[in-house]
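Student: Can you read through this structure? Questions will come right after.
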Amino acid sequence: AASSFAALVLGRALSGVGAGLVSLTAPVYLAEIAPTRLRGVLGSMNQLAVVIGILLAYVLGLRAFELGWRNLALVGVLPSATLLLSGLLWLPETPRWLC
């Protein structure tokens, strides 16, 4: 829990910057590592996954009064964190970022 209103605003701002950086970096990384014939498909699938995630957040948010907002946050964080950490083991480094 935030100890003050300023801490709450700072946390929201930092999480917004982090989300913005990820939404910029992920498509660039996908475009760099993808074969030419799959580049558009992977970019589209990334955007589709984001939209489906937003839709699920809205649908689950309708039941937020029953679930509680902390449980709703855990429902979103646990699967994504698991996929992210397990996926990092197989991601290749991209040549453009090695400069």
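The values are calculated or read from the model by the stated rules, or taken from the named source; none is laboratory data. Keep in mind the model is a prediction, meaning the values are calculated, not measured. Please note: Cβ atoms are built from the backbone with ideal geometry, for glycine as well, and neighbour counts cover all protein chains shown. Side chains included, ligands, DNA and RNA excluded: accessible areas come from the protein's heavy atoms. Shrake-Rupley method; radii C 1.70, N 1.55, O 1.52, S 1.80 Å.
Student: At 1.4 Å probe radius, can you tell me the per residue accessible area of the chain in Å²?
Tutor: 84 Å²
Student: Further, regarding this structure: Rounded to the nearest 10 degrees, what's the angle between the helix 39-61 long axis and the longest principal axis of the chain, both from Cα atoms, 0 to 90?
Tutor: Once rounded, one gets 10 degrees.
Student: Same structure again: Could you point to the residue in LEU84, LEU10, ALA49 farthest towards the positive end of the chain's charge dipole, with +1 and -1 charges on the Cβ of Lys/Arg and Asp/Glu respectively?
Tutor: ALA49
Student: With the full set of protein chains in place, find how many percent of the accessible area of the chain is carbon and sulfur; take the probe as 1.4 Å.
Tutor: On the chain, the fraction of accessible area on carbon and sulfur atoms equals 74 percent.
Student: Using label points projected 7 Å from each Cα along Cα→Cβ, tell me how many nm separate THR82 and GLU66, to one decimal.
Tutor: 2.2 nm
Student: Also, I was wondering about something else. Working from Cα positions, state the angle (0 to 90°, nearest 10) between the long axis of helix 5-33 and the longest principal axis of the chain.
Tutor: With rounding to tens, the tilt is 20 degrees.
Student: Considering only C-alpha atoms, what is the centroid distance from the range 18-34 to the range 68-97, in Å?
Tutor: One Cα centre to the other: 14 Å.
Student: Enter the angle in degrees (range 0 to 90, nearest 10) between the Cα long axis of helix 69-87 and the first principal axis of the Cα atoms of the chain, meaning the one along which they spread out most.
Tutor: For 69-87 against the chain, the angle is about 20 degrees.
Student: Further, regarding this structure: Subtract the Cα-Cα distance of SER15 and THR36 from 0.36 nm times their separation in residues, and report this length gain in nm to one decimal.
Tutor: On the way: separation 21, 0.36 × 21 = 7.56 nm, distance 3.30 nm.
4.3 nm is the gain from fully extending SER15 to THR36.
Student: While we're on this one: What do you get for trypsin sites (Lys or Arg not before Pro) in the range 1-89 restricted to DSSP loop and a cutoff of at most 13 other Cβ within 10 Å of the site's Cβ?
Tutor: ARG63
Student: For the range 7-99, give the magnitude of the charge dipole about the Cα centre (Cβ charges: +1 Lys/Arg, -1 Asp/Glu; no others), in debye to the nearest 20.
Tutor: In total the dipole reaches around 100 debye.
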